[in-house]
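This report refers to the structure that appears directly beneath it.
Each reported figure results from applying straightforward, stated rules to the coordinates on display, with no laboratory input. The structure presented is a predicted model; accordingly, all values stated were derived computationally and were not measured. Positions of Cβ are backbone-derived with ideal geometry, glycine not excepted, and every protein chain shown enters the neighbour counts.
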Amino acid sequence: MKVLFALLKKDLLSELRSRETLVVLFSLSLLLSVILSLGIQSAYLRAGQVEALLPAALWVVFLMAATVSVSRSYDYEQANCALQGLLLAGTSPWKIYISKVVITSIIMLAGQCITLASLGILLNISLFSDLITLIIISFLVIIGYAALSSLLAAMTMTARLRDLLLPLILLPLLFPLFFSALELTADIVVDQNFDPGSVWLSLLIGLDLLYILFGINLYEFVVRE
Amino acid sequence: MTDSTLFTKTSKLANAVFLLAFILISYANYMIFMVVPNEKIMGPVQRIFYFHVGSAIACYCSFAIVLTASIVYLFTDYKKADLFGRAGAEVGFVFCTIVLLSGMIWGKAAWNTWFRWEPRLVSFLLLWLIALALNVIRIFGDSKNTARHAAVLGIIGAVTVPIVVFSIKLLPAVAQLHPEVVAKRGLKHPDFIKAMFIAMGGLVLFQFYLIWLRAKIAFLEEQQ
């Protein structure tokens, strides 16, 4: 546990010092929200129709912003072979992986809050009454996203087309997570009828566990030289 | 990896599989175009169904081979398993493309639309994208660790396939267009069923042969 906390501290400090992922994620979330809102506004939809588009807008902004910024978290690991150094020092690969997942989840959740606020304001949709549920669902989706993206980002960090390759291999595998996110957000925002016993929520939690299990067991094969 | 005994030992079996696949596909073609009667509503265009379903089953088998080969490669470091994983991903992609294209042609003729957001259609489009991802990592991935990375992605991709297929069925289908032929026992005429299983068997065996052949080619390429 000591090692895990030390890794968490290292990753958090590196993020806070470089601020690369944070700045890229926040700026992209805001920028994409503005662009999508502009597009939606120009269609002159009625109030109910705009709300129906919110789940798609929310998760498209998240996927785009998160996928562009997630590979940044491995930039400083690659410099001076820091990741290999950690492995040579005897650190278990799964601990490095868990640390990455936790820090990525925290950063992504902060980015999602920015997207929720900006889309709510720009599309004139009040999300206050459902905010807690939306953040909980977002957190569950983000855990799954972070679990899979941390594993695959480690795979692409040394590839020639690193930043282009990650979305190509990551996004197709995220479809089940994306379906759950869309359906649950629509239940909350559009139908105002969120059911905690929903099959989509069970699928989402199941996917989170599956992806974490994959990561813990397969991360070693990805980072081993 | 210079030992070619696996391919020399299995070459007779592979040739027998190819011969059987050739006979079955030829007989299936004879049945489809000469024996099976026209379907009442769709007419002659329904005959594309036999290739469409057979290719879909072959595609699923390819994903199963990718999963098995990836697990074997990662946990035993058996180099030839990687060749079969690579071959499975490529052949699976080809069969997935055939399913998508034949489905679109059939859909245009039967429903007057190339594509519709219907669960079964969407799931195969997504499988096609997953198959594409499995091949992309081998082309553009880290050249030193391609085999290991492709095996990891192969496991995740192959496990995602059934999740996609089943989760998409939970989506509310605005209009359920795709026929549930087998589940709802849609084929009444015995020749329909006979032709379907012969075409399916032929295409699955042909897919096994193609995977073996592609793995052998990849092996010979690495020898050079």
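Identify, among B:Gln207, B:Leu220, B:Met42, the residue whose Cα sits farthest towards the positive end of the charge dipole of segment B:5-223, taking +1 on the Cβ of Lys and Arg and -1 on the Cβ of Asp and Glu, with the dipole about the Cα centre.
B:Met42
Size of the dipole of chain B about the Cα centre, Lys and Arg at +1 and Asp and Glu at -1 on the beta carbon, nothing else charged, in debye to 20?
380 debye
Kindly rank B:13-26, B:64-77 from highest to lowest mean number of other beta carbons found within 10 Å of each residue.
Ranked from most to least packed, the peptides come out as B:64-77, B:13-26.
Among B:Thr97, B:Val161, B:Leu121, whose Cα sits farthest toward the positive end of the charge dipole of chain B (+1 at Cβ of Lys/Arg, -1 at Cβ of Asp/Glu, about the Cα centre)?
My answer, from the dipole projection, is B:Leu121.
Counting other beta carbons within 10 Å of each residue's own, what order do A:Leu168, B:Leu203 fall into, fewest first?
Taking fewest neighbouring Cβ atoms as first place, the list is A:Leu168, B:Leu203.
Angle, helix B:79-111 long axis vs. longest principal axis of chain B, Cα atoms, 0 to 90°, nearest 10?
Compared with the principal axis, the helix lies near 20 degrees.
Using the Cα atoms of the protein assembly as shown, I'd like the radius of gyration and the largest Cα-Cα distance, Dmax, both in angstrom.
24.3, 74
Among B:Val99, A:Val141, rank each residue by its count of other Cβ atoms within 10 Å, from fewest to most, as a rough exposure measure.
By the 10 Å Cβ count, ascending: B:Val99, A:Val141.
Testing the spin-label approximation: label points 7 Å from Cα along Cα→Cβ at B:Leu170 and B:Met42. State their distance in nm.
Using points 7 Å along Cα→Cβ, the separation is 2.9 nm.
Using all Cα-Cα distances in segment A:86-225, what percent lands in each 10 angstrom bin from 0 up to the longest?
11, 36, 32, 15, 5, 0
Taking the Cα-to-Cβ direction at B:Glu221 and at A:Leu213 and moving 7 Å from each Cα, how far apart do the two end points lie in nm?
3.4 nm
Averaged over peptide B:121-127, how many Cβ atoms belonging to another chain are found within 10 Å of each residue's Cβ?
The mean count of partner-chain Cβ atoms within 10 Å per residue comes to 2.
Once amide H atoms are placed 1.01 Å from N in the peptide plane, what residues at a sequence separation of 5 or more from B:Glu39, or on another chain, have their amide H within under 5 Å of its amide H?
B:Gln46
At 222 nm, what helix-only mean residue ellipticity would chain A give, in deg cm²/dmol to the nearest 500, using -39500 (n - 2.57) for each DSSP H run of four or more?
Value at 222 nm, helices only: -27000 deg cm²/dmol.
Just want to confirm a number: the relative contact order over chain B, from Cα pairs under 8 angstrom separated by 6+ residues, in percent.
So the answer I get is 37 percent.
If you look at just the Cα atoms of chain B, how large are its Rg and its Dmax in Å?
Answer for chain B, Rg first and Dmax second: 18.9, 57 Å.
Identify which of A:Leu134, A:Leu164, A:Leu22 has the largest mean-square fluctuation in a Gaussian network model of chain A, with springs joining Cα atoms closer than 10 Å.
A:Leu164
Partner chain Cβ atoms within 10 Å, averaged over the residues of B:140-153 - can you pull that number for me?
The shielding value for this peptide is 6.
Show me the helices of chain A, taken as full DSSP H stretches, that run 18 Å or more along their long axis by Cα and average 1.0 or above in Kyte-Doolittle hydropathy.
The qualifying helices are A:20-41, A:47-70, A:93-122, A:131-156, A:175-189, A:199-223.
Can you pull the three principal axis extents for the Cα set of segment A:60-158, in Å, largest first?
52, 20, 15
Compute the FRET efficiency between B:Leu213 and A:Arg46 as 1/(1 + (r/R0)^6), taking r as their Cβ-Cβ distance and R0 = 35 Å, and round to the nearest 0.05.
E between B:Leu213 and A:Arg46, to the nearest 0.05, is 0.05.
Determine the shielding of peptide A:144-154 by partner chains: average, over its residues, the number of Cβ atoms on other chains within 10 angstrom of each Cβ.
1
Among A:126-133, B:213-220, how do they line up from the highest to the lowest mean number of other beta-carbon atoms within 10 Å?
Per-residue mean Cβ counts within 10 Å order the peptides as B:213-220, A:126-133.
Can you give me the relative contact order of chain A as a percent, contacts being Cα pairs under 8 Å and 6 or more apart?
Averaging sequence separation for qualifying contacts and normalising by length gives 29 percent for chain A.
What's the FRET efficiency of A:Phe128 with B:Ser143 using the Cβ-Cβ distance as r and R₀ = 51 Å, to the nearest 0.05?
Efficiency, from the Cβ-Cβ distance: 0.50.
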